[in-house]
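Working notes, structure below.
Every number in this text was worked out from the coordinates using simple rules, so none of it is lab data. This is a predicted model, so every value here is computed, not measured. Positions of Cβ are backbone-derived with ideal geometry, glycine not excepted, and every protein chain shown enters the neighbour counts.
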Number of protein chains: 2
Amino acid sequence: MAPFERHIFVCCNQRPPDHPRGSCDPGGTEALQKAFKKALAERGLKRRVRANKAGCLDQCEHGPTVVVYPDVVWYGRVTEADVAEIVDSHIAGGVPVARLRLADECINTASCPHRPKRNSE
Amino acid sequence: MAPFERHIFVCCNQRPPDHPRGSCDPGGTEALQKAFKKALAERGLKRRVRANKAGCLDQCEHGPTVVVYPDVVWYGRVTEADVAEIVDSHIAGGVPVARLRLADECINTASCPHRPKRNSE
């Protein structure tokens, strides 16, 4: 077989509850990654697309964060309720879910419109 | 900033010592990921390229496994001694390290020339 058609990396990073950067997976349950895995399996996509656990993807303030390669599509604030839409629209249909995408200018930046200011809240 | 120019995922999966599929990181030290991180920092590539911890990449028999996106270049049997060459040649220079690459026909397959036969050794 060939490499995965798409490879979904789901941040499962867990930090202490009072950490200023927060946690994508505060409970350490890996529930979001499992939800992607289940959704792929239900649609017969399991062999062609992998939902992978990932360590910190370094976009913590927009988390829970998910990145899809080789598309280079970043999603932020992803919940289990969003998984079916991402899999159906983007993974199966090729159309990324616009409302969840991180803009390029929000990635790898110290400040952006969606990132809360530190020490002020 | 823009998304990472390259995103290196290093399998840090640890299984029990007697597991038939083995472990990419049997000691759970994450030493290979740390070596990539250090090599990137030393070359001033830290902000543009990320060395990420990953859960099981499912190419266990070829591990330790590393995949570089968006290039979709898979490496197998990677050791700390290979890190400088991968970073210098591929990440900085754009030329993947041929001797460590997994062939497409070795990825997501039940058998290939490099995968040991089970129950026979």
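Its Cα centre serving as origin, region B:1-113 has a Cβ charge dipole (Lys and Arg +1, Asp and Glu -1) of approximately 480 debye. Fully extending the segment from A:Ala92 to A:Arg77, taken as 0.36 nm per residue of separation minus the present Cα-Cα distance, adds 3.3 nm. Largest mean-square fluctuation among A:Val87, A:Val68, A:Val95, in a Gaussian network model of chain A whose springs join Cα atoms under 10 Å apart, belongs to A:Val95.
Treating r as the C-beta distance of B:Asp58 and A:Ser111 and R0 as 45 Å, the FRET efficiency rounds to 0.75. Loop-located GluC sites (Glu not before Pro) in region B:1-107 (DSSP state not H, G, I, E or B) with no more than 16 neighbouring Cβ atoms inside 10 Å: B:Glu5, B:Glu30.
If you count Lys pairs in chain B whose Cα atoms are under 24 Å apart, skipping same-chain pairs closer than 8 places in sequence, the total is 6. Computed from the Cβ-Cβ distance with R0 of 30 Å, the FRET efficiency linking A:Ala103 to B:Glu85 stands at 0.30.
Farthest towards the positive end of the charge dipole of region A:1-63, among the residues A:Pro17, A:Leu57, A:Ala39, is the Cα of A:Ala39, using unit charges on the Cβ of Lys, Arg, Asp and Glu. Which FRET efficiency value, to the nearest 0.05, do you get for B:Glu5 and A:Arg48 by plugging their Cβ-Cβ distance into 1/(1 + (r/R0)^6) with R0 = 41 Å? The calculated FRET efficiency here is 0.95.
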